[in-house]
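Structure first, commentary second.
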Amino acid sequence: MSRATLTVTFPDGHVRYGVYNGTSDFAYPDLFGTVEEAWAASDHPDFAWVDQPDQVHLYPVRVHSTYGNGFDWDGMACDDRLVVGRDPFGDREILT
């Protein structure tokens, strides 16, 4: 599996980190305070398969993957989870 670092920038400028799956072209939803935490969690068997909280405040975010030459897209996230925008090509949005 090909993976790359994911950054999610919030409207107030703070950044959270995750992992992008380049083989399947989707971002894992879990976001962390550091790149190291994101990569460490990505090796856990339950990574990215946690139920979405029922009530969260979502923010419009700018998502960036370092995969390939790097690219950006828009999404929606709460502080610890990318909820909308996991599929940068928009043809199969994943909301789990």
In nm, to one decimal, how far is the Asp87 label point from the Thr23 one, both placed 7 Å along Cα→Cβ? 1.9 nm
Here the gain from full extension of Asp43 to Ser2, 0.36 nm per residue of separation minus their alpha-carbon distance, amounts to 13.5 nm
Output wanted: per-residue J couplings in Hz (rounded whole) for segment 14-29, from phi through Karplus 6.51 cos²θ - 1.76 cosθ + 1.60, θ = phi - 60°, x for Gly and Pro. 6, 10, 10, 10, x, 10, 10, 8, x, 5, 9, 6, 8, 9, 5, x
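Rule-based calculations on the coordinates, nothing more; no lab input. Fair warning: this is a prediction, and the values are worked out from it, not measured in the lab. Positions of Cβ are generated from backbone atoms using ideal geometry, with glycine treated the same way; all protein chains shown enter the neighbour counts.
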